[in-house]
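Undergrad: Okay, handing you the structure first.
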Amino acid sequence: MDSKKWNEAGAILDSLQDDIVVTDQKGTIVKVSDLTGSIYGVKSDDLIGKSVYDLESEGLFTPLATPLVLEKKKKVTFVQTTKGNKRLLVTGVPVFNEQNDIYKVVSYSHDITELMEMKSYLENLEDEMERVKSELELLRNRFSSTHGIIARSVKMEHVIKLSLQIAQVDANILLLGDSGVGKSMLANFIHQKSSRKTGPFIEVNCGSIPEQLFEAEVFGYEGGAFTGANRNGKAGLVELAEGGTLFLDEVGELPLEQQVKVLKLIQEKQFYRVGGTKPRKVDFRLVAATNKDLLQAVNEKRFRKDLYFRLNVVPITIPKLKERREDIVPLIELFMKRFTEKYNRQRTIEDNAMQIMLNADWDGNVRELMNVIERMVVISHSTVITAEYLPESLLEPKEEYTISGEVNLNDILSNVEEKLLREARERYQTTTKMAEMLGISQPTVVRKLSKYQIK
């Protein structure tokens, strides 16, 4: 290009209100627009003759347009960050000579810092809206009895919040907890809150199916697969879970031989019917549950390690009922409403009976509580249910102390004091409320919590 044409090109560049940079094939800046220097916080004339590679090393801007254009041999667009932390949308364009070789690279940019900040703000706002949505869902379930689940206690709030969060994805879930805590109800709750809620919820009790019938029940069988088999064959429980949720309850009871087949099912989402030679594909979301210590079973070679890790992607532990005493009263109200309507009986529970139930250990957890309520509604003769209708196991004193050389009065009093403090801490969220309940001062509560190392 002769000097006259280059001067004309320069005049055109200077008339533009954009940041424009022209480099040769070595990355040396040969021309910039008047606006360029202000974009990068330097004088425009100081950029002439500088190498973009040196300027990048000095931290003026990164990444570079020139090497990207030389590599791809076509127009490229990318986001560049300047020394002043500005964000620029840069477009680099190759200029070819008569031999079709790149001899100049022209790049122009627009400041999108505000747009990027707005994008980040909107993303944060979207995350916050999801969090608020999750909190609202949690509150709605906290004060309702959806699927029989009550979550007034902090521990159950955490369980419900985690369940709502993980319900949105198809990750495998392992529900842990003692017998009767409500693992089946929580599994159904997760299903109802997932995108698969319109699909089936198929429950497989791994502990109740005889080992010799397990494959036929779970995977189904082809016609004539064995003596007495339906000649048309039969679909198994796995096939019935297509598009929905497969719930493996009491998964810790699976025999080792069947664990291999369940592992293959989970990994490949396909199986063979008994007597079949054609693999069948199935789409389901897996939720498993157990009251066993699976890790201990793994160490004792009673449970496969690979199956354990497949199941234990997201573990959710449901607390015992005595660890969530704030939920006992609303659970009693829920079950009272359910069974008085079922048996068409008007019943209420007297205060003394209610207090005994609040203080009970409930070793059978929610299931035991539900059974007790149903029993009292059925066998009581009056509209007010008194303590005489409670099971004897709830009326028996839990602890007895006798004088001996090993346990003295101070030890007994300390044990009782610690137990009461722990119960108060589970029931109330503040030391002020604890003090009111225990009839002592708030500083005394704080001191005693420290003494017994109760957090």
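Undergrad: Expressed in nm², what is the orientationally averaged projection area of the convex hull enclosing the Cα positions of the stretch 263-356?
TA: The number I arrive at for the stretch 263-356 is 11.4 nm².
Undergrad: Applying a 10 Å radius around every beta-carbon, put 80-86, 369-375 in order of their mean neighbour count, most first. Could you put the intermediate results ahead of the total?
TA: On the way: 80-86: 14.4, 369-375: 18.6.
In descending order of packing, they fall as 369-375, 80-86.
Undergrad: Could you give me D for the stretch 205-327, from Stokes-Einstein at 20 °C and 1.002 mPa s, where the hydrodynamic radius is the Kirkwood radius over C-alpha pairs? Units µm² s⁻¹, please.
TA: Values: Rh = 15.8 Å.
For the chosen part, D equals 136 µm²/s.
Undergrad: For the chain, what relative contact order do you get, as a whole percent, if you take Cα pairs closer than 8 Å and at least 6 residues apart?
TA: That works out to 10 percent.
Undergrad: Taking every pair of alpha-carbon atoms in the chain, give the share separated by more than 30 Å as a whole percent.
TA: Details: 68948 of 103285 pairs.
Pairs farther apart than 30 Å: 67 percent.
Undergrad: What Kirkwood hydrodynamic radius, in Å, does the stretch 248-287 give when the mean of 1/r is taken over all pairs of distinct Cα atoms and then inverted? Display every interim value, and only then the final one.
TA: Values: mean 1/r = 0.0894 Å⁻¹.
Final number for the Kirkwood radius of the stretch 248-287 is 11.2 Å.
Undergrad: Tally up the carbon and sulfur contribution to the accessible surface of the chain as a whole percent, 1.4 Å probe, everything protein left in place. Don't skip to the end; give the middle numbers.
TA: Details: 13060 of 25920 Å².
Using a 1.4 Å probe with all protein chains present, the chain comes out at 50 percent carbon and sulfur.
Undergrad: I've got another one for you. Which sequence of R324, R231 reflects their accessible areas, 1.4 Å probe, from the largest down?
TA: From most exposed to least exposed: R231, R324.
Undergrad: Another question, if that's okay. Using r as the Cβ-Cβ distance of E211 and Q25, and R0 as 56 Å, what FRET efficiency do you calculate, to the nearest 0.05?
TA: Efficiency at R0 = 56 Å is approximately 0.15.
Undergrad: Given a 1.4 Å probe and heavy atoms of the protein chains only, how would you sort L125, L47, largest accessible area at the top?
TA: Numbers: L125 70, L47 10 Å².
Largest accessible area first, the list is L125, L47.
Undergrad: Here's a follow-up. Among the aspartates and glutamates, which have Cα under 15 Å from the Cα of K269 when same-chain residues fewer than 8 positions away are ignored?
TA: In chain and number order, the partners are D170, E239, E242, D283.
Undergrad: Just the number, please: Stokes-Einstein D of the stretch 305-455 in µm²/s, Kirkwood Rh from C-alpha pairs, 37 °C, 0.692 mPa s.
TA: Working: Rh = 18.4 Å.
Answer from the Stokes-Einstein relation: 179 µm²/s.
Undergrad: Mind ranking 155-164, 66-75 by how tightly packed they are, going by the mean number of other C-beta atoms within 10 angstrom, highest first?
TA: For the peptides 155-164, 66-75, the packing ranking is 155-164, 66-75.
Undergrad: R0 = 30 Å: FRET efficiency of H158 with S393, Cβ-based, nearest 0.05?
TA: For H158 and S393, the calculated efficiency is 0.50.
Undergrad: Given the protein chains as shown and a 1.4 Å probe, how many square angstrom of E368 are accessible, to the nearest 10?
TA: In the full protein context, E368 sits at about 50 Å².
Undergrad: Which entries of K320/K448; K234/K261; K119/K155; K342/K433; K193/K419 show an alpha-carbon separation above 28 angstrom in the structure shown?
TA: Cα-Cα > 28 Å for K119/K155; K342/K433; K193/K419; rest within.
Undergrad: Which value, in debye to the nearest 20, gives the size of the charge dipole of the chain about its Cα centre, when Lys and Arg are +1 and Asp and Glu are -1 at the Cβ?
TA: That gives the chain a dipole magnitude of about 840 debye.
Undergrad: Taking a quarter of the surface of the convex hull around the Cα atoms of the stretch 202-271, what do you get in nm²?
TA: Averaged projected area of the stretch 202-271's Cα convex hull equals 4.8 nm².
Undergrad: Can you tell me which lysines have their Cα less than 17 Å from the Cα of K74? Leave out same-chain residues fewer than eight positions away.
TA: K26, K104
Undergrad: Let me ask you something else. Once ligands and nucleic acids are excluded and a 1.4 Å probe is used, how much of D54 is accessible, expressed in Å² to the nearest 10?
TA: That residue has around 90 Å² of solvent-accessible surface.
Undergrad: Using a 1.4 Å probe and counting only protein heavy atoms, arrange Y121, Y103, Y389, Y272 so the residue with the most accessible area comes first.
TA: From most accessible down to least: Y121, Y272, Y103, Y389.
Undergrad: I'd like to know which of G244, I373, I328 lies farthest towards the positive end of the charge dipole of the chain, counting +1 on Cβ of Lys and Arg and -1 on Cβ of Asp and Glu.
TA: So the residue furthest toward the plus end is G244.
The values are calculated or read from the model by the stated rules, or taken from the named source; none is laboratory data. All figures in this text were calculated on a predicted structure; none of them were measured in a lab. Note: ideal-geometry Cβ built from the backbone for every residue, glycine included; neighbour counts use all protein chains shown. Keep in mind that these areas ignore ligands, DNA and RNA; they rest on the heavy atoms of the full protein, side chains included. Shrake-Rupley method; radii C 1.70, N 1.55, O 1.52, S 1.80 Å.
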